[in-house]
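*Asks:* Just dropping this structure here.
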Amino acid sequence: MRAIVRPQEIIIETNKLGHPLLVKVSYHPNWHVQGADAVYLASPGFMLVFPKNHQVRLYYAPGFSNHIGWLCSLLGFLLLCIPLSFLFRKGNENGGLSLGYKYRWLIFGVIILGAISLSLHFHYDAHTLYQKGLKHFQEENFDKAQRFFQKGINKFPFSPAVDGSYLYFGLSYYKKEFYEDAISVWKKFLKEYPEGRYADEMLYHIGLSYLSLGRDKEAKIFFEDLKREFPDSRFSNLVQ
């Protein structure tokens with residue numbers, strides 16, 4: 001079996017058709033699958049699929065609620081095109097209140113909801129936040145990188161990008177030599193996502209952080225955890 005893991009896509013090649021396949025990523029309804037009938041919740045840290053093809057593709061994409069939000073956004077944009085004179089003209093040809101004036105507050109409400117929905121769609125996409133944070137991290141602009149990682153963690157806790165967001169959020173602290181803060185971030189991830197990706201790398205850097213703080217005994221505990229839980233990890237090989 002072979003797997004390719006990307007921020008919002010997982011491709012798995014297997015020769016065991018029909019056999020249950022556990023995927024070590026947190027479940028979310030926005031996960032879709034090709035090559036199997038459905039994606040099932042197995043546990044807080046796993047998804048389950050039953051392959052029907054030799055290649056299974058899982059991808060994170062908008063669901064029904066997202067499409068409703070975009071529809072509201074479109075409706076709000078179209079309503080923005082209505083002339084203000086239509087909304088504030090009281091009288092109509094028959095002497096009564098105009099349709100626009102009667103429903104002006106409803107129209108304004110839809111416009112506001114559409115604007116909010118549109119704003120959330122463009123500014124709070126998990127993959128976009130992660131990529132922007134990573135770009136700033138690589139440029140060593142750690143404070144700005146952390147703002148994007150923090151948004152991704154808070155807004156999309158079940159996104160496949162959350163593992164990387166936690167890793168680099170902590171590494172930003174580590175690079176700034178705020179070792180206690182880095183340790184706190186990684187420990188939180190390991191507690192909330194015990195089966196998450198990058199757990200080996202986080203354990204390794206927790207150990208390094210404790211060494212930098214002169215707390216060798218605590219560092220040794222995490223290095224031993226790393227070697228016990230991930231004996232084949234390249235990070236285990238770095239520990240003497």
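The values are calculated or read from the model by the stated rules, or taken from the named source; none is laboratory data. These numbers come from a predicted model, not from an experiment. Every residue, glycine among them, receives a Cβ derived from its backbone with ideal geometry; neighbour counts consider all protein chains shown.
*Asks:* Among the candidates Phe108, Phe46, Phe50, single out the residue that is of a type in the set (Phe, Trp, Tyr) and modelled with pLDDT under 75.
*Replies:* After applying the criteria, what remains is Phe108.
*Asks:* Would you check if Lys217 is of a type in the set (Lys, Arg) and either outside any helix (DSSP H, G or I) or surrounded by 14 or more Cβ atoms within 10 Å (Cβ to Cβ) (or both)?
*Replies:* Judged against the criteria, Lys217 is not a match.
*Asks:* While we're here: Please enumerate the residues belonging to region 4-39 that are part of a loop (DSSP other than H, G, I, E, B), free of Cβ contacts under 8 Å to residues at least 60 places away in the same chain, surrounded by 15 or more Cβ atoms within 10 Å (Cβ to Cβ) and among the hydrophobic types (A, V, I, L, M, F, W, C).
*Replies:* The one that is part of a loop (DSSP other than H, G, I, E, B), free of Cβ contacts under 8 Å to residues at least 60 places away in the same chain, surrounded by 15 or more Cβ atoms within 10 Å (Cβ to Cβ) and among the hydrophobic types (A, V, I, L, M, F, W, C): Val39.
*Asks:* Hey, another quick one. Within region 150-183, work out how many residues are at pLDDT 90 or above and not in a helix (DSSP H, G or I).
*Replies:* 3
*Asks:* Go through region 32-43 residue by residue and tally those that are modelled with pLDDT under 85 and touching a strand residue (DSSP E or B) at 6+ places or on another chain (Cβ under 8 Å).
*Replies:* First, pick out the residues of region 32-43 that are modelled with pLDDT under 85: 42-43.
With the extra rule that they be touching a strand residue (DSSP E or B) at 6+ places or on another chain (Cβ under 8 Å), the set shrinks to 42.
Number of matching residues: 1.
*Asks:* Residues of region 194-214 being in a loop (DSSP other than H, G, I, E, B) and farther than 26 Å from Val25 by Cα, which ones?
*Replies:* Leu213, Gly214
*Asks:* Suppose we filter Ser165, Ser159 for residues that are over 19 Å from Leu203 (Cβ atoms), among the hydroxyl-bearing types (Ser, Thr, Tyr) and crowded, with 19+ Cβ neighbours inside 10 Å; which single one remains?
*Replies:* None of the other options fit; the residue is Ser159.
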